[in-house]
Amino acid sequence: MIPQETVDLILDTARIEDVVGDFVTLKRRGANFVACCPFHNEKTPSFYVSPSKGIFKCFGCGKAGSAVGFVMEHEHMDYADALRYLAGKYHIEIHEKDESPEDIIQRQKRESLMLACDFAGKFFVDQLATTQGRSVGYAYYKSRGLEDSTIRDFALGWAPSGVDDLRQAALSAGYKDEYLQEAGLTVVREDGTVADKFRERVMFPIYSLSGRIIAFSGRTLRSDNPAKYVNSPDTPLYTKSNVLYGMYQAKAEIARQDKCIVVEGNLDMVMMHQLGIKNVVAPCGTSFTTQQMHIIHKFTENLTVMFDGDSAGIHAALKVMDDVLREGLSMRVVLLPDGEDPDSFSRGRSLEEVQTFIRENERDCIDFKVERMMAEVGGDPVRKSGVISAVADTIAVIPDAVKRSVYVETLASRFNIESSVLFERISQKRQAMIAERRREEDRARRREEAGLEAVPAWEREEAAPAETVRQTSLEQFEVNKMVAPSEREILNFLLSYGTQTLDFPSDSEFYSGSEEDKDTVADFIISSIESDGGRLLNPSYQKVFDAYVAAYDSGNPGQSPEQRQDIILRGLLNSPDRDVAFLAAQLSTQKYRLTMKGLIDSMTTLSSWLVTYVPKTMLMYAVKKLEYRVSVLRSELSSADPVRMSDILSELTTLQKVQQQLKVKLGRDKLI
């Protein structure tokens, strides 16, 4: 058995576009990639790869899944062999073992820590609505120009001034002290008492790539507190050098724009998002690390760092340059005017102004390094040669030989020297790098032989279960063909819009009677299903329905609808039940088709469309279930005895009356 931590590392490292690109020529289209499907013959591309979702989907043959699933399907491997293939591709060593009781305990403990963090996130959000929270925390957010929607979208909160308010609330809710401490939410003081880690601070929750809260950053508002920011300590869930603040919210836009902007602070990132520049992330209370660069590389190869224009900002840009290029990323630098940071700069300008400034002022990192270093050289030829050597050494770390060659020609032309001189310097540097890497590998091997534990390269995301593509057609799951189309539409609504609010007008029969207590799409569908027998008629679709309901019921209400829906969908895509995972991939990416009249009628807003078509879908499903029941009864008539025949005819009469009522509701002239 491959250890779970190794599985996590493989799945976290594998990039869907990288894996698929080994077998298929991909072309970028917006945030996705397209190609002709490798699983069936076609001339027009219908095969899509989504880096932000981590899945592939063919709209022609219907195959779908994640990176491991693609390898399984394309190379005809089982799950374990597909993992081994990916481990080899990314040079990850596997030491197989049986899952011990200790492994099971660790997996369960990790989930308990995440639940504790979820509780804390909701607690801090709720505290923002208290008298203290509004007068201090909320007032601070507003003074910094944050809108209510931004506060809500990022689940910003307030940690009250009480010594152990969070702890007491968590204990009352059934959480254990040991998990609160290990999650970094409480601390044991010297006198043995337990106190909250965060007190009297505005709170910024930190999310994993899959949307779970794993840590917090808290800012004090008191001038007499020397610790301006307090961050969660390293925990089994969180290592600050391995996480980027805002990556969960930004990843889709990063993939869509094929570009990531890195700023220095939490508020810098939040304000840029509020302005409308959403492909922005920030390090979590640390300098920009290689592990964070690796995360960015999963979504784009293009990185822009936006730092303050003072000497510290220049130094920070130069400091990370070699590591960024070594990761295989392309790097550009934007320096803001003196005295400005992304927070203040975005607050004082429009979206168009900031976008124009970035576009006109971002410089290629090699040009940036040359200009900054040459500004300090003057006419000294020795120092000039030192600049050339330093820049050549930076070029040497670039993995792509073509990029290295282009930079060499540009540098040679700029300094009027032979490119062969630069190539020789770069060759020597790369040979030294290879020798050092071999020494590191030897040290790692000796550590292993000595029985010492290896240090992981970066923080693992929470466990992603086995992936496979077990079916290629939805029809293979459909036992009851008559109701299957309606059940597919129901699941499509749940998987696409389940957490969206249904804003029924006050004269609607579905109006709740309160503007505050409105049903979501999921609430409406779940209630409709439960009132009509409680189950879908196709068992596989019922499994997806049950899995969605379970995830929906356990969600965090403090999250935005989009965040909550994304977490639910990712959970289904990574479900250990591979039928559920496959169907979730299929039904969440299907195109919902309307009649032409419906399309015209729906050209208003998503809200208007949902309040029209969700109820209609449920009514149509009721009609189809009646049709199915009618067909079953009619098939029994020919062999029924007189008593049974009388019962059947009586039930058919009742069903016809119900069908007539539904026909009126649907506005049809004939029975469907």
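The values are calculated or read from the model by the stated rules, or taken from the named source; none is laboratory data. Model, not experiment: these values are computed from the prediction. Every residue, glycine as well, gets a Cβ built from its backbone with ideal geometry; the counts of neighbours run over all protein chains shown. These accessible areas exclude ligands, DNA and RNA; they are computed on the full protein's heavy atoms, side chains included. Shrake-Rupley method; radii C 1.70, N 1.55, O 1.52, S 1.80 Å.
Between Arg359 and Ser531, the FRET efficiency from the beta-carbon distance, with R0 = 45 Å, is close to 0.25. When the surface is traced with a 1.4 Å probe over the full set of protein chains, Glu651 keeps roughly 60 Å² accessible.
Cβ under 12 Å from Asp553's Cβ, Asp553 left aside: what net charge do those residues give with Lys, Arg +1 and Asp, Glu -1? Can you show the working numbers first?
Working: positive: Arg564; negative: Asp523, Asp546.
Around Asp553, the charge tally is -1.
Go through Thr410, Thr44, Thr220 and list them by solvent-accessible area, largest first, probe radius 1.4 Å.
On the way: Thr410 75, Thr44 105, Thr220 10 Å².
Largest to smallest exposure gives the sequence Thr44, Thr410, Thr220.
Of all aspartates and glutamates in the structure, the ones whose alpha carbon falls short of 20 Å from that of Lys543, not counting any fewer than 8 places away in one chain, are Glu467, Glu475, Glu478, Glu487, Glu489, Asp523, Glu530, Asp532, Asp553, Asp566, Asp577, Asp579.
Listed here are the pairs Lys53/Lys240; Lys63/Lys251; Lys63/Lys240; Lys122/Lys624; Lys142/Lys259; which of them are more than 32 Å apart at the Cα?
With Cα atoms farther than 32 Å apart: Lys63/Lys240; Lys122/Lys624.
Using a ≥ b ≥ c from the Cα gyration tensor of region 289-388 (square roots of the eigenvalues), is it rounded, prolate or oblate, where a/c under 1.5 gives rounded and otherwise the larger of a/b and b/c decides, a/b for prolate? Cα axes put region 289-388 in the oblate bin.
Applying a DSSP loop filter and a limit of 11 other Cβ atoms within 10 Å to the trypsin sites (Lys or Arg not before Pro) in region 1-52 leaves Lys43.
Decide, for region 1-128, between rounded, prolate and oblate: order the square roots of the alpha carbon gyration tensor eigenvalues as a ≥ b ≥ c, take rounded if a/c falls under 1.5, and otherwise choose prolate if a/b is larger than b/c, else oblate.
Note, shape of region 1-128 comes out oblate.
Go ahead and run the numbers for FRET between Thr25 and Asp641, Cβ-Cβ distance against an R0 of 56 Å, rounding to 0.05. Numbers along the way, then the final one.
Numbers: r = 66 Å, r/R0 = 1.19.
E(calc), rounded to 0.05, equals 0.25.
The stretch between Arg443 and Asn416 holds 5.5 nm of extra length on full extension. This uses 0.36 nm per residue minus the Cα-Cα distance.
When only Cα pairs below 8 angstrom with a gap of at least 6 residues are kept, the chain shows a relative contact order of 12 percent. In the assembled protein chains, Tyr248 presents an accessible area of approximately 20 Å² (probe radius 1.4 Å). Tell me whether the chain comes out rounded, prolate or oblate; compute the Cα gyration tensor, take square roots of the eigenvalues as a ≥ b ≥ c, and use a/c under 1.5 as the rounded threshold. Prolate is the answer for the chain, as a/c is 1.5 or above and a/b outweighs b/c.
Once R0 is set to 25 Å, what does the formula 1/(1 + (r/R0)^6) return for the Cβ-Cβ distance between Ser112 and Val188, expressed as a FRET efficiency to the nearest 0.05?
On the way: r = 19 Å, r/R0 = 0.74.
Using R0 = 25 Å, I get an efficiency of 0.85.
Rounded to the nearest Hz, the phi-derived 3J(HN,Hα) couplings of region 116-132 under the Karplus curve 6.51 cos²θ - 1.76 cosθ + 1.60 (θ = phi - 60°) are 5, 5, 4, 4, 4, x, 5, 4, 5, 5, 5, 5, 5, 8, 6, 4, 5, where x marks glycine and proline.
Inter-part distance, region 174-219 to region 101-118, computed on C-alpha centroids, equals 16 Å. Once all protein chains are placed together, Ile295 keeps about 20 Å² accessible to a 1.4 angstrom probe.
Roughly to the nearest percent, how much of the accessible area of region 92-194 is carbon and sulfur, given a 1.4 Å probe?
50 percent
Just to confirm, what accessible area per residue do you get for the chain at 1.4 Å probe, in whole Å²?
Numbers: 32060 Å² over 672 residues.
Here the per-residue accessible area is 48 Å².
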